[in-house]
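First up is the structure itself, then whatever we jot down about it.
Read the figures in this text as sums done on the coordinates, not as results from a lab. Source: prediction; values computed, not measured. Note: ideal-geometry Cβ built from the backbone for every residue, glycine included; neighbour counts use all protein chains shown.
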Ligand code: ARG
Ligand code: ZN
Ligand code: CA
């Protein structure tokens, strides 16, 4: 498929306290960040070291807010076993996952910011889950939001949607592992915080790790790019034989 792919987004807010019931404005700010990051129109792309500039990619994917639903719950944390995705388990069922990206906003617990299901899984659990204080951007919603720095710029959703679009962690979830993308350098492990360039590991050459990639674990302010190889891998999902081809039909 060529051209921009538009993904309708269904947001399900499941809250136990008033602050977890994040505002429409905070939700919209996340859609804005996704649209910037998936079109390489994020302003912080300017931070990219010049040696990596040929790698930075426009995914040509856009997101539209297709609906918000809200549910109060007595549950204070939900874990990572998909209970929030099931009305029988006190959560909210996904809406037409063949044609919508479902995002559940709820407290996961255990210090987990978010998690995602890769393509090819069960429709009933397809989508991503993100904690309320990690959703949206405090640079857009400057008063009254619920945010937790340094994960307050909307990059948790950029990262989790990357998984939903078939991207692996850039270190391949192993020491000097393989992320199945050729143009991302092999790197030893996840990076946190805001590393300084270059950070060389695994004999990956003078330029070192691509720690500013959205599929690393650095701070929201310090991750700002996908690569051409990641775009190719994700967009293969929208080919006629791809497992998310229903989004382009
Ligand atoms: N799956 C990761 C976690 O839950 C998300 C990391 C997001 N990183 C970020 N800078 N927002 O820990
Ligand atoms: Zn991840
Ligand atoms: Ca790689």
> Relative to the longest principal axis of the chain, what angle (0 to 90°, nearest 10) does the C-alpha long axis of helix 24-37 take?
Replying inline: 20 degrees
> How long is the gain from residue 1 to residue 140 if the chain were fully straight, where each residue apart is worth 0.36 nm and the alpha carbon distance is subtracted?
Replying inline: 46.8 nm
> If contacts are Cα pairs under 8 angstrom and at least 6 residues apart, what is the relative contact order of the range 110-156 in percent?
Replying inline: 34 percent
> Fewest first, what order do 160, 20 take by the number of other Cβ atoms within 10 Å?
Replying inline: 20, 160
> When DSSP assigns beta bridges and you keep just the ones with both residues in the range 1-69, what percent turn out antiparallel, to the nearest 5?
Replying inline: 0 percent
>> Using Cα-Cα distances under 8 Å and only pairs 6 or more residues apart, what relative contact order does the range 188-246 have, in percent?
In response: 24 percent
> Of the peptides 182-189, 108-115, 210-217, how do they stack up when ordered by the mean number of other Cβ atoms within 10 Å, highest first?
Replying inline: 210-217, 182-189, 108-115
>> Please report the antiparallel percentage of the DSSP beta bridges confined to the range 1-139, to the nearest 5.
In response: 15 percent
> Once label points are set 7 Å from the Cα along Cα→Cβ at both residue 194 and residue 53, what is their separation, rounded to one decimal in nm?
Replying inline: 2.2 nm
>> Could you work out the relative contact order of the range 140-240? I mean the mean sequence separation of Cα pairs under 8 Å and 6+ apart, divided by the number of residues, in percent.
In response: 27 percent
>> Could you work out how much longer the chain between residue 174 and residue 148 gets when fully extended? Use 0.36 nm per residue separation minus the Cα distance between them, nm to one decimal.
In response: 6.5 nm
> Which of the peptides 147-157, 84-94 is most tightly packed, and how do the rest follow, judged by the mean count of other Cβ atoms within 10 Å per residue?
Replying inline: 147-157, 84-94
>> To check my understanding: the extent here is largest minus smallest coordinate of the Cα atoms along each principal axis. What are those three numbers for the range 17-158, in Å, largest first?
In response: 51, 38, 28
> 222 nm [θ] for the chain, helices only, -39500 (n - 2.57) per DSSP H run of 4+, per residue, to 500?
Replying inline: -4000 deg cm²/dmol
